[in-house]
Amino acid sequence: MKIFQQKSRIQKFEDVRQFVEEYQLGKDDFILASKSIYERYFAPLSLEAHVVYKSQYGKGEPTDAMVDGLMEDFAKTQCKRIVAIGGGAVIDMAKILVLEGTYKTEDIFLRKVPLKKARPLIAVPTTCGA
């Protein structure tokens, strides 16, 4: 069963400021990022976005507990868009935030709840994969 489809659009920017201006990142954005990347390139721009770091939730590949914690924190915001800045684990964790509603990962993966995409995701990969 197809739940939703995400069509990718790949863009290239000269620098971070150009990206931020193009997408008008601000208070309605929820940014999940790798701390070192965000602090080096994005923090100097003093964005008004809600920013959390993957490391706040744990190390390594995402676990149910890490994702549940992220979803809890996201639910406390009124953000309308998700921005993932980092490697594969950051982007994987952010993907679940596009869904409408508030759930536990178990509910989602066991399909105990209806799944519907409710908000856009902007992924800024900082690694090329293996």
### Query
So Lys7 fits all but one of (1) over 14 Å from Ala123 (Cα atoms); (2) open to solvent by 40 Å² or more (accessible area, probe 1.4 Å); what number is the exception?
(1)
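Results for (1) closer than 15 Å to Thr126 by Cα; (2) aliphatic (A, V, I, L, M); (3) at pLDDT 95 or above, shown as yes or no for each residue.
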residue: Phe19; (1), (2), (3): yes, no, yes
residue: Gln24; (1), (2), (3): no, no, yes
residue: Asp28; (1), (2), (3): no, no, yes
residue: Val51; (1), (2), (3): no, yes, yes
residue: Gly69; (1), (2), (3): no, no, yes
residue: Thr77; (1), (2), (3): no, no, yes
residue: Gly87; (1), (2), (3): yes, no, no
residue: Leu110; (1), (2), (3): no, yes, no
### Query
Is there a residue being within 17 Å of Tyr23 (Cα to Cα) and among the β-branched types (Val, Ile, Thr) anywhere in the range 83-97?
yes
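Yes/no per residue for (1) within 13 Å of the chain's Cα centre (by Cα); (2) surrounded by 14 or more Cβ atoms within 10 Å (Cβ to Cβ):
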site: Ile31; (1), (2): yes, yes
site: Lys76; (1), (2): no, no
site: Ile108; (1), (2): no, yes
site: Val113; (1), (2): no, yes
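Name the one entry in Tyr23, Tyr103 that is in contact (Cβ under 8 Å) with a residue 60 or more places away in the chain, surrounded by fewer than 19 Cβ atoms within 10 Å (Cβ to Cβ) and under 21 Å from Ala118 (Cα atoms).
Working: Tyr103 fails: in contact (Cβ under 8 Å) with a residue 60 or more places away in the chain.
After applying the criteria, what remains is Tyr23.
What residue, of Ala84, Ala75, is under 24 Å from Gly26 (Cβ atoms) and touching a strand residue (DSSP E or B) at 6+ places or on another chain (Cβ under 9 Å)? First the steps, then the outcome.
Values: Ala75 fails: touching a strand residue (DSSP E or B) at 6+ places or on another chain (Cβ under 9 Å).
Just one listed residue meets the conditions, Ala84.
Mind checking which residues of the range 38-64 are open to solvent by less than 20 Å² (accessible area, probe 1.4 Å) and not in a helix (DSSP H, G or I)? First the steps, then the outcome.
Within the range 38-64, the subset open to solvent by less than 20 Å² (accessible area, probe 1.4 Å) is 38, 42, 49, 52.
Hits for the range 38-64 are Ala49, Val52.
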### Query
Given the conditions (1) more than 30 Å from Lys104 (Cβ to Cβ); (2) β-branched (Val, Ile, Thr); (3) in a helix (DSSP H, G or I), and given that Val67 satisfies all but one, which numbered condition is not satisfied?
(1)
### Task
Would you mind stating whether Lys35 is open to solvent by 90 Å² or more (accessible area, probe 1.4 Å), without any contact (Cβ under 8 Å) to a residue 24 or more places away in the chain, touching a Phe, Trp or Tyr at 6+ places or on another chain (Cβ under 8 Å) and of a type outside the set (Asp, Glu)?
yes
### Candidates Ala89, Ala49 - the one that is in contact with a strand residue (DSSP E or B) (Cβ under 9 Å, 6 or more places away or on another chain) and of a type outside the set (Phe, Trp, Tyr)
Ala49
## Note on the structure
The number of residues in the range 72-115 that are touching a Phe, Trp or Tyr at 6+ places or on another chain (Cβ under 7 Å) and either over 18 Å from Leu32 (Cα atoms) or part of a helix (DSSP H, G or I) (or both) is 3
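The values are calculated or read from the model by the stated rules, or taken from the named source; none is laboratory data. Computed from a predicted structure; not experimentally measured. Because the Cβ atoms are built from the backbone with ideal geometry, glycine has one as well, and the counts that use them run over all protein chains shown. Each accessible area value is taken on the protein alone, full model and side chains, heavy atoms only, with ligands, DNA and RNA left out. Shrake-Rupley method; radii C 1.70, N 1.55, O 1.52, S 1.80 Å.
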